[in-house]
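Report on the structure given below.
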Amino acid sequence: MTIIAGTDGTDWGMTAVEWAAAEAQRRRTPLRIAHAFDWDWRDSRFGVGAKYVEVARELAEAVAAEALDRAREVAPDIDVTTDTLPGHAAPRLLEAALGAELLVLGSRGRGGFAGLLLGSVSQRLATHAPCPVVVIRSRSVPGGPVAVGVDDHPAADHVLAAAFEAAAREECGLIVVRSFAPAIPPWLPDVRRAGIPTPEEKAIELGRIEEQLRPWREKYPDVAVESVLTHDTAAACLVRGSNSTRLVVVGSHGHGEIAGSLLGSVGLQLLHHAACPVLIVREEPAP
């Protein structure tokens, strides 16, 4: 298994390479750096033909070489390879991610508008990649814990497994967040939220969380776990806490999502607003 780091040469892309190199060192797994470049000279306003292709390839190789140097500075002992992939970034990186252990990306690329919080390529890959995806929103907080959002979805164990594994690898604590807030549709503005839960209701819900966590606590006894029961939405709580966490972990499908969607609303909100790297756990390969 290999970790794939997709980079376009921007600061975000190079930060993704550095994060991926550190993660590859923690996992003791090879790292493959992939840089896709669009070589279709017909899209150019200039009739440069094959010469344009060669220039584009040379620039791509320079980006890959710089990324390789960054990775070796962070993790000199891991096996690192580079690939320059001709074509549009999203489909080429989707191909590269087949069979990968993890895909790591920056949250923004060269394209798009300055006000956008998430690049279109990053969102497409986070939604459709056949493996877990980490989107780098910011550098990790040194010494911070890992945070994870869980619910009653059948895939919650996949998410908890990834979160506990991450906390164990980084030798840090784990914060488990569960929302106790009812979902109020936006078209029902006059419906009041339920009141703050009673101590009895809170105790019952915390008991359910502890039962859910029990096998994972036994498997990872050295991971200090804190359970957080919030009356806010899980997304809001995780976004607020992301300023002091090193990684936020969520599933690719949320509880009660729209049928057919490939990424739950919690994951999307974190990809746009979290202040730390976000890991999207894939329960099964995306189509």
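Residues that are under 14 Å from Gly149 (Cα atoms), modelled with pLDDT of 85 or more, part of a helix (DSSP H, G or I) and among the β-branched types (Val, Ile, Thr) do occur in region 232-246, at least one of them. Only a single item in (1) part of a helix (DSSP H, G or I); (2) touching a strand residue (DSSP E or B) at 6+ places or on another chain (Cβ under 6 Å); (3) at pLDDT 95 or above is not met by Glu18, and it is number (2). Please tell me if Ser227 is of a type in the set (S, T, N, Q), under 17 Å from Arg178 (Cα atoms) and assigned to a helix (DSSP H, G or I). Considered against the rule, which asks whether it is of a type in the set (S, T, N, Q), under 17 Å from Arg178 (Cα atoms) and assigned to a helix (DSSP H, G or I), Ser227 comes out as no. Of all residues in region 141-163, those that are of a type in the set (Gly, Ala, Ser) and out of contact with any helix residue (DSSP H, G or I) (no Cβ under 6 Å at 6 or more places or on another chain) total 6. Scanning region 70-97 for residues that are of a type in the set (Lys, Arg) and touching a strand residue (DSSP E or B) at 6+ places or on another chain (Cβ under 7 Å) yields Arg72, Arg92. Of the residues making up region 32-78, those that are exposed (fewer than 12 other Cβ atoms within 10 Å of the Cβ), assigned to a loop (DSSP other than H, G, I, E, B) and at pLDDT 90 or above are Pro76, Asp77.
For region 221-231, filtering for residues that are more than 15 Å from Val148 (Cα to Cα) and either modelled with pLDDT of 90 or more or acidic (Asp, Glu) (or both) leaves 2.
What are the residue pairs meeting all of these: first residue in region 167-181, first residue surrounded by fewer than 21 Cβ atoms within 10 Å (Cβ to Cβ), second residue among the polar types (S, T, N, Q) and not in a strand (DSSP E or B), Cβ atoms under 9 Å, and 6 or more apart or on different chains? Going by the 9 Å Cβ cut-off, the qualifying pairs are Glu170/Ser140; Ala181/Thr233. So, Glu23, is that one in contact with a strand residue (DSSP E or B) (Cβ under 8 Å, 6 or more places away or on another chain), crowded, with 17+ Cβ neighbours inside 10 Å, assigned to a helix (DSSP H, G or I) and at pLDDT 95 or above or not? Spelling it out, Glu23 is indeed in contact with a strand residue (DSSP E or B) (Cβ under 8 Å, 6 or more places away or on another chain), crowded, with 17+ Cβ neighbours inside 10 Å, assigned to a helix (DSSP H, G or I) and at pLDDT 95 or above. Residues in region 133-171 that are part of a loop (DSSP other than H, G, I, E, B) and under 13 Å from Ile280 (Cβ atoms): Arg137, Ala155. Look through region 92-111, keep the residues that are more than 22 Å from Val281 (Cβ to Cβ) and surrounded by 14 or more Cβ atoms within 10 Å (Cβ to Cβ), and return whichever of them is modelled with the lowest pLDDT. Checking each candidate, the answer is Gly109.
For region 197-220, the candidate set comprises residues that are at pLDDT 90 or above and loosely packed, with under 10 Cβ neighbours inside 10 Å; within that set, the residue that is nearest to His231 (Cα to Cα) is Glu211.
The values are calculated or read from the model by the stated rules, or taken from the named source; none is laboratory data. A quick note: this is a predicted structure, and the numbers were derived from the prediction, not measured. Backbone-built Cβ (ideal geometry, glycine too); neighbour counts: all protein chains shown.
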